[in-house]
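Following: one structure in structure tokens, then a few remarks.
The values are calculated or read from the model by the stated rules, or taken from the named source; none is laboratory data. Because the structure is predicted, anything quoted here is derived from the model rather than measured. Cβ placement follows ideal geometry from the backbone for every residue including glycine, while neighbour counts extend to all protein chains displayed.
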Amino acid sequence: MNKTELKTITGVLEQGMNRQLLYYLDVCTRCSICKDACHQYVSTGDVLFLPAYRAELIRRVYKKYFTRSGLFLPSLYEARESDDRLLDELYRSTYACTGCRRCMYYCPFSIDTTWVLGVAKAMLIAAGKGAQILTELAGAAVSKGENIDLFKDIMLDLNKETEKELQSLIGDSKATIPIEKEGADILYAALAGVHSILPPSVIFHKAGLNWTLSLFESANYGYFLGDVEKGRIIAKRIVDEAKRLGVKEVVISECGHAYRVMQYLYETWAKEELSFGVTAMVEIIARLIEEGSIEIPSGKERKIVTYHDPCQVGRNAGFYEEPRYVLNQVASNLRELNPSREKNWCCGGGGGLVAQPEFDEFRIKTGERKAEQIKQTRAGLVVSPCENCRLQITALNEKYDMGVKVTGLSDVVANQLIGRDIATSFEAGQTEEPEDED
Ligand code: SF4
Ligand code: SF4
């Protein structure tokens, strides 16, 4: 590493050095409690994935360049040169982290390793070593925001097809999936793909909501990359759309990190107060059932169903009761994973790992504990309201021969509302066009 690169990296560390980071770097007693909390360390035994060690890499650079003792007696104070090997280690340990924060839950000082790794990501990006695929995906999302007129016609055409699917599913040839509807109460930000649009459309239609579909997908690769500016620009596309349409509430699809970005991070990133409410899909479904806007038909599903708490929906956002309340309406045999709720094991797919082929083998290996947990329930259906978790558990299902179907919360509810088996998938081209009633 040359002097300019070194200056860039230490400059980023200096910029990110605030009271919170100093507290995290100072207070760790190296008790190692966090080692048993991290599914990655537990599965690999590799110190690189021990939560405290991940932060230690940053701590050593800090000691080397920002403390007198580290400057003059580096080996005594465990200070470390910011060389290429360190950056490689930092890359693996940082981009491998799923951001599940199970380590933080168990740490006696609540040290937030993911927060420290946010600084590590900024250092890596400054050194030109940000995760490449995440950089490309974030760049594509930013570009879409800048050139939305180029994409709009294609999106509107695709939406007509999805609308026909909806009409067929609910038997109403006049049902619509509105886009750019001014004065709508709700703006729904889906993920890319019909599977993320159809189930909520069924639910919103049955509840008679005044809603509109966002032109922009809720996923935020700027967040996974650790590039705050890109993350802010990507989220701002939805914020601007919500303001333009005058909605009261933005509902985020079943995507844990997308909810986290909009609910907890955007205002700090943008230094702007949101003028609308932010609601997770699990939250609105529970609300609609509770207030009687949708009625789940009787004749509950009797198969064993289990629920995987996505880290960003459960531990990091606190939605434990809402999904269980909904599932208990749908199924009579909901069997908990052990442990679950705040102690639930990460599935291994978060943090953008499912989008990074370089971590494929690692991801499957570190998901073995989750596979075992699910097998122990003997469930035939796993419900989880997060796309990353579903992709990961589906991959684990194949690898570890779990014999389950994996689905979302909206999917089971929408299926119940239209009288289908709750495990039926919502995919494009599965339905026939309805007869015109006129
Ligand atoms: S549990 Fe907390 S204090 Fe203990 S080693 Fe891990 S990060 Fe440090
Ligand atoms: S956030 Fe999760 S994956 Fe990352 S270090 Fe902590 S326990 Fe491990």
Criterion (over 18 Å from residue 226 (Cβ atoms) and within 16 Å of ligand 2 (Cβ to nearest atom)) met by exactly one of 143, 173, 110, 168: 110
Condition check for residue 107: within 17 Å of the chain's Cα centre (by Cα) and either within 14 Å of ligand 1 (Cβ to nearest atom) or buried (at least 19 other Cβ atoms within 10 Å of the Cβ) (or both): no
Filter pass, residue 298 being of a type in the set (S, T, N, Q), modelled with pLDDT under 95 and out of contact with any strand residue (DSSP E or B) (no Cβ under 6 Å at 6 or more places or on another chain): yes
Subset of the stretch 83-104 (residues that are part of a loop (DSSP other than H, G, I, E, B) and within 16 Å of ligand 1 (Cβ to nearest atom)): 97, 99, 100, 101
Any hit, the stretch 20-31, residues being within 8 Å of ligand 1 (Cβ to nearest atom), in contact (Cβ under 8 Å) with a residue 12 or more places away in the chain, hydroxyl-bearing (Ser, Thr, Tyr) and at positive phi: no
Test: residue in the stretch 334-355 that is more than 29 Å from residue 93 (Cβ to Cβ), among the polar types (S, T, N, Q), out of contact with any Asp or Glu (no Cβ under 9 Å at 6 or more places or on another chain) and not in a strand (DSSP E or B): no
Test: residue 40 is within 15 Å of ligand 1 (Cβ to nearest atom), under 22 Å from residue 98 (Cβ atoms) and touching a Gly at 6+ places or on another chain (Cβ under 9 Å): yes
Restricting the stretch 105-143 to residues that are among the polar types (S, T, N, Q) and outside any loop (DSSP other than H, G, I, E, B), the residue that is farthest from residue 25 (Cα to Cα): 143
Number of the condition not met by residue 62 [criteria: (1) among the hydroxyl-bearing types (Ser, Thr, Tyr); (2) at pLDDT below 95; (3) within 14 Å of ligand 2 (Cβ to nearest atom)]: (3)
Residues of the stretch 243-276 classified as in contact (Cβ under 8 Å) with a residue 60 or more places away in the chain and hydroxyl-bearing (Ser, Thr, Tyr), total: 1
Residue 311 being in contact with a Lys or Arg (Cβ under 7 Å, 6 or more places away or on another chain), more than 30 Å from residue 417 (Cβ to Cβ) and touching a residue at least 60 places away in the same chain (Cβ under 8 Å): no
